[in-house]
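What follows is a short report on a single structure.
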Amino acid sequence: MLPARTLLIQRVYKAKKPWPPDFSLLSQKHQFRLERRYRRRMKLKFARPRLMKTIKLAQGVIISTVVLWGLFINNWGERGNKPVQPLRDWVSDLRKSFWSTPSRPELSKQPRNPSSPGSI
C-alpha cells in the first residue's frame, strides 16, 4: 500500500520537460547547451578533491625521492657526477655514520690519585 501512495504523490507533480530529451528534435545550439550543462554537473558530482590532493602529493614525493636518489645515492660510475661529488661524499659519510655506532671515548689509564693524607 505504501508504494502505491508514493507513486500517486510523484505523479501529482509532473516534470516540466521530459528527460532525457529527444536530441533529434532539438537544435544544435540547444543540444550543445544541454551537453555543456550535463558535463558541468557530472564534473561537480564526480569531483574527488581529497583523492586528487593525495595523488598530487604522492606524485611529488615519488618524483623528489627519485631525483634525490639519483643525485646523492645512486652510483653512476664515471659518467658526469663531478658537480655534485662533494655533496655525494657528504651524504655518503652521513649515511655511514647514521648506520654505525659511535666509538666509545678512550678512558685514561692513569689511576686517580687519592687525596693527600694530610688534607681532609
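List of remarks:
- Of G70, Y38, L57, farthest towards positive along the dipole that unit charges on Lys, Arg, Asp, Glu beta carbons give segment 20-94: Y38
- Carbon plus sulfur fraction of accessible area for segment 20-94, probe 1.4 Å, in percent: 65
- Annotation: lysines with alpha-carbon distance below 24 angstrom to K17 (same-chain offsets under eight excluded): K29, K43, K45.
- Here the 3J(HN,Hα) profile of segment 46-52, calculated from phi with Karplus coefficients 6.51, -1.76 and 1.60 at θ = phi - 60°, is 9, 5, 10, x, 5, 5, 5 Hz, Gly and Pro shown as x.
- Length gained on full extension, M42 to Q28: 3.0 nm, using 0.36 nm per residue less the C-alpha separation.
- Relative to its residue count, segment 20-94 spans a Cα convex hull of 173 Å³ per residue.
- Computed from the Cα positions only, the extents of segment 11-55 along the three principal axes stand at 44, 32, 11 Å, in decreasing order.
The values are calculated or read from the model by the stated rules, or taken from the named source; none is laboratory data. Source: prediction; values computed, not measured. Reconstructed Cβ throughout: ideal geometry from the backbone, glycine too, with neighbour counts over all protein chains shown. Protein only, heavy atoms only, side chains kept; ligands, DNA and RNA dropped before computing areas. Shrake-Rupley method; radii C 1.70, N 1.55, O 1.52, S 1.80 Å.
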